[in-house]
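Worksheet: one structure, shown below.
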Amino acid sequence: MSGTRSDGELLRAVAADGDRRAFEELYRRYAPWLTARMRSRCADAGIVDDVVQETFLAVWRGTARYREETAGADAAGWLWRIASRRLVDALRGAGARGRLRQALARLRYRDEASAEERVLAGVEHGDLAGALVRLSPELRAVLQATVVDGLTTREAAVLLGIPPGTVKTRAMRARRQLREALA
């Protein structure tokens with residue numbers, strides 16, 4: 001075949017035929033971009049390198065299936081979604097779910113309801129969405145990492161590339177602002 005193959009052609013060749021050259025071209029095309037993008041989310045270069053390798057390994061093994069009709073023919077976005085999920089998994093580790101359950105159990109015994117408890121108790125999504133939109137991007141990122149993704153302070157600090165103390169401070173500020181907005 002002459003000329004450069006499209007992303008879709010490369011992905012079909014890898015999936016259907018195990019075409020090593022197509023895979024290598026796909027890797028050369030997207031690995032540097034994906035690595036740079038992951039490093040903006042995680043300061044640990046070793047974790048980023050592992051995540052990028054695991055992403056392409058999933059493509060090669062066929063455990064990640066590309067469907068042009070559902071992915072909108074956007075190979076970059078598809079690879080990003082695979083890599084970002086693997087990054088969260090890498091940062092979470094095996095014990096993070098247990099730590100999250102313990103934290104939620106401790107919340108049940110507090111007198112003052114936290115923002116998370118109010119959400120779980122049925123605060124309307126419209127109010128919550130408005131309150132979240134009014135938070136600064138830095139505060140939203142900390143809430144995303146610690147509440148939604150269930151990461152520890154240390155894991156969130158690595159992901160966001162900030163000190164653990166900054167994660168704690170931003171989380172406290174975000175929760176205070178949410179409580180005020182939802183009151």
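Would you check if there is a residue in region 55-63 being at pLDDT below 85, surrounded by 12 or more Cβ atoms within 10 Å (Cβ to Cβ) and either over 24 Å from Val142 (Cβ atoms) or in contact with a Pro (Cβ under 6 Å, 6 or more places away or on another chain) (or both)?
So in region 55-63, the residues at pLDDT below 85 come out as 61-63.
Right, trim to surrounded by 12 or more Cβ atoms within 10 Å (Cβ to Cβ) and you get 62.
Checking the rest, the ones that are also either over 24 Å from Val142 (Cβ atoms) or in contact with a Pro (Cβ under 6 Å, 6 or more places away or on another chain) (or both) come to 62.
Yes: one or more hits.
The criterion of at least 2 residues that are of a type in the set (A, V, I, L, M) and at pLDDT below 60 is met, among helices (runs of 4 or more DSSP H) falling completely within region 77-183, by 96-108, 115-120.
The values are calculated or read from the model by the stated rules, or taken from the named source; none is laboratory data. Keep in mind the model is a prediction, meaning the values are calculated, not measured. Note that each Cβ is placed from the backbone with ideal geometry, even for glycine, and that neighbours are counted across all protein chains shown.
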